[in-house]
Amino acid sequence: MKMWRSIAVLIAPLLLAACWEGEPWYPATEGQAVIPAGDYRLVEPGAPPEGDEILLVAGNDDGSQSVTVETPWRIVSVPFGPAAERNYLVQMQKMGGKGHDLGASFLLMQVRDGRYLITILPCGGSVRAAVERAGGFVSSDPNSAPTCNFRDRALVESQLKAFLAMPDRPAPDMELVPVSR
């Protein structure tokens, strides 16, 4: 969860959820610039875009996108599953002075009727067991749910596929809502 701390005030509800982390396996060439450049707020799905914190979404020269509150985050949105479903595995890396952070966090973004729905992927049950069997590890913090630290891309993808196939999977946690200044 360390990668989330710089935007903790904005996404405090998400910090209480679990997280998937690993290496930045996805280059920008595998992603798509899904979110139009502009200003957004992160809110509960269906809620009005209220509050002071504004996220700036912009394109990067390499084809990835950046999301900035106080610190810029590089995102690569990789299409996942049938194109008609518009599901994306979003790889996030904190951007810094020399290159990017070594690790990445992963989220699910679903685009539905022009809405950008964000799901924090849970680290429990079968996902936790699969990560540990594959040599990854699960870290815990008393103030949040566990974080699954994946060791390879294939396992991230197989677990995301299983998550999307769940008939009773959790509803999205947050929504990116465009705002006008």
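Ile118 fulfils the conditions (1) assigned to a helix (DSSP H, G or I); (2) β-branched (Val, Ile, Thr); (3) out of contact with any Phe, Trp or Tyr (no Cβ under 9 Å at 6 or more places or on another chain) except for a single criterion, (1).
Results for (1) over 19 Å from Asp173 (Cα atoms); (2) in contact with a strand residue (DSSP E or B) (Cβ under 7 Å, 6 or more places away or on another chain); (3) surrounded by 14 or more Cβ atoms within 10 Å (Cβ to Cβ), shown as yes or no for each residue.
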{"residue": "Arg86", "(1), (2), (3)": "no, yes, yes"}
{"residue": "Phe106", "(1), (2), (3)": "no, yes, yes"}
{"residue": "Gly136", "(1), (2), (3)": "yes, yes, yes"}
{"residue": "Pro142", "(1), (2), (3)": "yes, no, no"}
{"residue": "Pro146", "(1), (2), (3)": "no, yes, yes"}
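For the condition in a strand (DSSP E or B) and at pLDDT below 90, what is the one hit in Ser140, Ser180? It is Ser140.
The sole residue among Ile7, Ile35, Ile11 that is more than 24 Å from Arg151 (Cβ to Cβ) and modelled with pLDDT of 95 or more is Ile35. Only one of the numbered conditions (1) closer than 20 Å to Val43 by Cα; (2) in contact with a helix residue (DSSP H, G or I) (Cβ under 6 Å, 6 or more places away or on another chain) is not met by Arg112, and that is (2). Yes or no: Ser126 modelled with pLDDT under 90, more than 17 Å from the chain's Cα centre (by Cα) and not in a loop (DSSP other than H, G, I, E, B)? Here the answer is no, as Ser126 does not meet what is asked. Of all positions in the stretch 91-103, at least one carries a residue that is part of a loop (DSSP other than H, G, I, E, B), of a type outside the set (D, E, K, R), surrounded by fewer than 19 Cβ atoms within 10 Å (Cβ to Cβ) and in contact (Cβ under 8 Å) with a residue 40 or more places away in the chain.
Is the stretch 151-163 home to any residue that is at pLDDT below 90, of a type outside the set (D, E, K, R) and either surrounded by fewer than 18 Cβ atoms within 10 Å (Cβ to Cβ) or within 17 Å of Ile75 (Cβ to Cβ) (or both)?
Restricting attention to the stretch 151-163, the residues satisfying the condition of being at pLDDT below 90 are none.
Looking for residues that are at pLDDT below 90, of a type outside the set (D, E, K, R) and either surrounded by fewer than 18 Cβ atoms within 10 Å (Cβ to Cβ) or within 17 Å of Ile75 (Cβ to Cβ) (or both), one finds none in the stretch 151-163, hence no.
Looking only at the stretch 111-122, which residues are within 14 Å of Arg169 (Cβ to Cβ) and more than 11 Å from the chain's Cα centre (by Cα)? Answer for the stretch 111-122, where residues must be within 14 Å of Arg169 (Cβ to Cβ) and more than 11 Å from the chain's Cα centre (by Cα): just Pro122. Looking only at the stretch 110-133, residues that are in contact with a strand residue (DSSP E or B) (Cβ under 8 Å, 6 or more places away or on another chain), closer than 23 Å to Pro79 by Cα and acidic (Asp, Glu) come to 0 in all.
Of all residues in the stretch 104-150, those that are touching a Ser or Thr at 6+ places or on another chain (Cβ under 8 Å) and of a type in the set (Val, Ile, Thr) total 2. Is it the case, given these coordinates, that Ser77 is of a type in the set (S, T, N, Q), surrounded by 16 or more Cβ atoms within 10 Å (Cβ to Cβ), at negative phi and at pLDDT below 95? Against the criterion (of a type in the set (S, T, N, Q), surrounded by 16 or more Cβ atoms within 10 Å (Cβ to Cβ), at negative phi and at pLDDT below 95), Ser77 does not qualify.
The values are calculated or read from the model by the stated rules, or taken from the named source; none is laboratory data. Small disclaimer: the values here were computed from a predicted structure and weren't measured. Cβ atoms come from the backbone with ideal geometry, glycine included; neighbour counts cover every protein chain shown.
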